[in-house]
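Notes follow once the structure below has been shown.
Derivation of every value follows stated rules applied to the coordinates shown; laboratory data play no part. Keep in mind that what you see is a predicted model, and the values were worked out from it rather than measured. No Cβ is skipped: glycine too gets one built from the backbone with ideal geometry, and neighbour counts run over all protein chains shown.
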Amino acid sequence: MRADRLVSMVLLLRQRGRMTAGELARELEVSQRTVLRDVDALSTSGVPVYADRGRLGGFSLLPGFRGELTGLNHDEALALLTAGSSGGGQLFGLDGALASALRKVVDALPESNQSGLGAAAQRLLAEPATDLLSRRTEGEDIPSALLRPVREAVLAGKRLQIEYAAPAAPAASRTVDPIGLVTVRGRTYLLATRDGAERTYRLSRILRAERLPESAQRPARVDLDQLWARRCAQFLADHDFPVVLRVRRPRLSELLDMARAVRAEESELDHWVRLEVSFEDERHAVWAIWQLGDDADVLSPVSVRDILRQRAARLVTRYAGPADRAE
């Protein structure tokens, strides 16, 4: 860990020039005392870092001290920086590693390819925290203390013991053979087997995880795309209440957030979209579609239309007359 921190410190000084001990401490998430010890270690190892005294002082590197990576051009490096801005590293608990890797990539580029790269990256933003209507688009917040053993077990091929709280069921301990991690629309899933049977676990429902020493029973190679597609098809077969409806396009993302899956989608005129979506059951479908008001039009099944019509009629009756104000 210290070696990585020393490299990160050198890269920060290369890219930003003079930095104070406090700035380095905040960036590296360590104390200022640790920063001073690291500076001494770098100097001892021959890295030309020196201190400027005074109120505007700080630490700097001798100009010209750098290496170069000639395999990436400006656009390739810009693509990496833009991808990093979307929070991809947070999906699997790798945000710190991603930030460090991006610093290394930028620092190792030839000066000709670095020109304007930072300013260009500021002009591109992928997947911000909210959309245009200030609705939050953040994914699930998985504690790193839980995500780390899961990730390590997946990558090392070790068995995993988890405490899992399935919907409408008490939490229970399970020992699983992890296969891979998949993130979709801000949700992360663990693909695994348990006693030879395929299982899919939502990480936000895992309460505790422990990497076990024994090796996982799993194939040496896996096509995660194909496996995920098969799991999705099986899930739809097991949990499926299909609804065909039309929804105004500005409300489409809200519907997708509430539905279990989308089976078909077709654009229509006047900013409407026709979809076939799946819900857990009829109650889930009614609840979700009611949130959309008159921006949704259910075509089938008739039972959902009837429930929505009856609910709307009761609402009309309630608001047809003046408010009944209790004294």
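In region 239-319, the inverse of the mean reciprocal separation of distinct Cα atoms equals 12.8 Å; this is its Kirkwood hydrodynamic radius. For MET9, MET258, the sequence from fewest to most other C-beta atoms within 10 Å is MET258, MET9.
With distances taken between every two different alpha-carbon atoms, region 2-61 has a Kirkwood hydrodynamic radius of 11.2 Å.
In terms of its Cα atoms, region 144-237 spans 35, 31, 26 Å along the principal axes, sorted from long to short.
State the Cα centre-to-centre distance between region 177-256 and region 144-164 in whole Å. The distance from the Cα centre of region 177-256 to that of region 144-164 comes to 15 Å.
The slack in the chain from SER267 to TRP287, taken as 0.36 nm per residue of separation less the alpha-carbon distance, amounts to 4.8 nm.
Work out, step by step, the length gained on full extension between GLU163 and TYR50: first 0.36 nm times the residue separation, then minus their alpha carbon distance; give nm to one decimal.
Here the segment from GLU163 to TYR50 would lengthen by 35.6 nm.
Modelled spin-label separation between ARG231 and ARG311, with each label point placed 7 Å from Cα along the Cα-to-Cβ direction: 3.1 nm.
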